[in-house]
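What follows is a short report on a single structure.
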Amino acid sequence: MGSVPERETVVADEAVQSQKGKAVVDVKRLSCPEVGEHVTAYLDDELADDARRALEEHTRGCADCTRHIAQFRATIAAMRDLPATSLSPVTRDRLLSAFRAARRR
Ligand SMILES: [Zn+2]
């Protein structure tokens, strides 16, 4: 066997590439805290179309929220892997609130 060149794992950074100074005028501009408010609904696919679009619009230009959502997604995925009995809805709720609080500082 020959030696295989090692590759560094590239972290997917989907939304941090459209900063070409496009004048995107959006009436429903979301702020970062607002994105934080809606992120669970967004990930649960419970957001209305225009709200979802506004959120995606925001994250496209905001690396902070992109990272935040990625963290959220990972956390939710991790929670899904746990046995249902080990995590009560209250605990889940507290985790999510903690995330939101951390966002606000
Ligand atoms: Zn943001």
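Computed from the coordinates by the stated procedures, all read-outs in this text should not be read as laboratory data. Bear in mind that the values here come from a model prediction, so they are computed numbers and not experimental data. Ideal geometry is used to build each Cβ from the backbone, glycine not excepted, and the neighbour counts take in all protein chains shown.
Arrange the following residues from fewest to most other Cβ atoms within 10 Å of their Cβ: Phe72, Phe99.
Phe99, Phe72
For the stretch 30-37, take each phi angle, set θ = phi - 60°, evaluate the Karplus expression 6.51 cos²θ - 1.76 cosθ + 1.60, and give the result in whole Hz per residue in order, putting x for glycine and proline.
Using θ = phi - 60°, the values come out as 9, 9, 4, x, 5, 4, x, 5 Hz.
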